Amino acid sequence: MTTSETVRTATVDQGLSEKGLKAGSVGLIGAVVIGISCIAPAYTLTAALGPTVSEVGVHLPAIFLVGFIPMLLVALGYRELNNAMPDAGTSFTWATRAFGPWMGWMGGWGLIAATIIVLSNLAAVAVDFFYLMLAQVFQKPELADLTTVLPLNIATTLVFIAAACWISYRGMETTKTFQYVLVAFQLLVLGWFAIAAFAHVANGTAFDATTIQADWFNPFAVESFSQFAAGVSLSIFIFWGWDVTLTMNEETRNPKKTPGRAATVTVVVIVLIYMTVSLATLAFAGVGTTGLGAGNPENQGSIFAVLAGPVMGPFAILMSLAILSSSAASLQSTFVSPARTLLSMGHYQALPKGFSKISPTHKSPSYATIAAAIAAAAFYVITRVLSENALWDTITALGMMICFYYGITALACVWYFRAQAFHGVRDFLFKFLAPLVGGVILLVMFFKTAYDSMDPGYGSGSNIAGLGLVFILGAGVILLGAVLMLVMYWRHPQFFKGQVLSRASQPYNP
């Protein structure tokens, strides 16, 4: 049986159908590489290590582990949904089948909004490190300041977005080749950094050599729940992106098994990378608030930009290149998720039919990929011109949307398989308990973050009428999705009436 026949057989009587993507173009290793790329460990760590240390100090490893748990639990639920319904729409399709078209549409919107926002951020970070790299290569520090020239910054960012869009448009084969090189390079440099940091500790040349202790891995040792919640919120963000492996399910070999396995492997590999690098950083720099200390507020923007020189010596430029390649690679691979979700929503008439167009040459979502690029570019230009605080506060609000659509999808797994949940230990653990716990944790974090972000001091400290800008932006994006959904109901009611992709008439029970 061919791959396409496997997909077709799996979707009989479920209302699902193929979209014309190139089947069998990605294997397990390729999917894991793209998953790691989308998470962008080098970029994510340099941006997240400092802020997380400022919240929880030496208990950084514990918080990373706590953030890893709901991600793993949700990934297990995603795997079960994919086994039953391999479809590029993932959250949109699965929530529709479990809860109906309205919840499905909002689940899809949460994924699209989150990825469009992060695309603009990734492009901005890539541009920052591009000019920093030029400054280091030509030994002219003033070149790094070019990123602050707004017209040049915007023009360069648009070039990065266009280049990433072009690679994505050419399909998964081109994407896969591009990612193998950039992911391998950033992992090599992160490994180099960790080994060099531990060597400095062993040789007595570390800035603030700190002995690793078992207490670092104890989440209950964090001083307050607010600090704990803030740390977990940050750690959830740094694991986000593994679900890209599921949106490729119609293009993988063995679409019922490979995407789910790739998601689980990706999450496990990422937590191992994070734990190794974070322990090396703490052991070398400590958590002090002065000098090279990881708790120094001046180091929080990019911890590796500060530590790369002392740790790696003359090879520090490799870290800048690794972060540049990490953000550029993630910029490109992140296009996979929104493009395929938009494709699926167009295919099932939840969006205008133009989104369902496939490139006849590359078998990729042509219209949807370009639409995602235009949306990301427009979002960046508008927010960057209006206010840099608005741009970064929207990134902070991103955590709300991640928890929103991950939580919906996890609970969709519980509800869809409710008739099968108690048929055996495996069904109970993977189709009921794991996604239930993971989904509840993420939805609790969604409401907690929403509540906390109402505080005018949250994020950049910007507010409107005393209400925090982070909350206004996060809630505003979700509300915008609801408005667009009503517009689509008015223009294309067939999907919302269950005439195209309907809610499962009875619980899944093969």
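The numbers here are math on the coordinates, done by the rules we state, and not lab data. Worth saying up front: this structure is predicted, and the values here are computed from it rather than measured. Cβ placement follows ideal geometry from the backbone for every residue including glycine, while neighbour counts extend to all protein chains displayed.
Table for the structure above
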read-out: Hits in region 341-377 - residues which are crowded, with 24+ Cβ neighbours inside 10 Å and closer than 18 Å to Gln179 by Cα; value: Ser364, Thr369
read-out: In region 197-211, the residues that are closer than 20 Å to Asn296 by Cβ and either surrounded by 14 or more Cβ atoms within 10 Å (Cβ to Cβ) or not hydroxyl-bearing (Ser, Thr, Tyr) (or both); value: Ala197, His200, Val201, Ala206, Phe207, Asp208, Ala209, Thr210
read-out: Residue that is nearest to Ile402 (Cα to Cα), among those in region 41-76 that are touching a Ser or Thr at 6+ places or on another chain (Cβ under 6 Å) and aromatic (Phe, Trp, Tyr); value: Phe64
read-out: Filtered residue count, region 408-433, keeping only those that are in contact (Cβ under 8 Å) with a residue 60 or more places away in the chain and of a type in the set (Gly, Ala, Ser); value: 3
read-out: Checklist (1) surrounded by fewer than 19 Cβ atoms within 10 Å (Cβ to Cβ); (2) assigned to a helix (DSSP H, G or I); (3) free of Cβ contacts under 8 Å to residues at least 24 places away in the same chain applied to Met454, failing item; value: (2)
read-out: Residue selected from region 22-57 under the condition outside any helix (DSSP H, G or I) and of a type outside the set (Val, Ile, Thr), by the criterion surrounded by the fewest Cβ atoms within 10 Å (Cβ to Cβ); value: Gly27
read-out: Among the residues listed as Ala162, Ala202, the single one being over 30 Å from Val311 (Cβ atoms) and either more than 28 Å from the chain's Cα centre (by Cα) or in a helix (DSSP H, G or I) (or both); value: Ala162
read-out: Residue that is surrounded by the most Cβ atoms within 10 Å (Cβ to Cβ) [pool: residues in region 58-87 that are touching a Phe, Trp or Tyr at 6+ places or on another chain (Cβ under 9 Å) and assigned to a loop (DSSP other than H, G, I, E, B)]; value: Asp87
read-out: Test: residue in region 166-176 that is under 19 Å from the mean Cα position of the chain (by Cα), surrounded by fewer than 23 Cβ atoms within 10 Å (Cβ to Cβ) and among the charged types (D, E, K, R); value: yes
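Residue-wise test of (1) surrounded by fewer than 21 Cβ atoms within 10 Å (Cβ to Cβ); (2) within 23 Å of the chain's Cα centre (by Cα).
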{"position": "Gly438", "(1), (2)": "no, yes"}
{"position": "Gly461", "(1), (2)": "yes, no"}
{"position": "Gly474", "(1), (2)": "no, yes"}
{"position": "Leu484", "(1), (2)": "yes, no"}
{"position": "Met488", "(1), (2)": "yes, no"}
{"position": "Leu501", "(1), (2)": "no, no"}
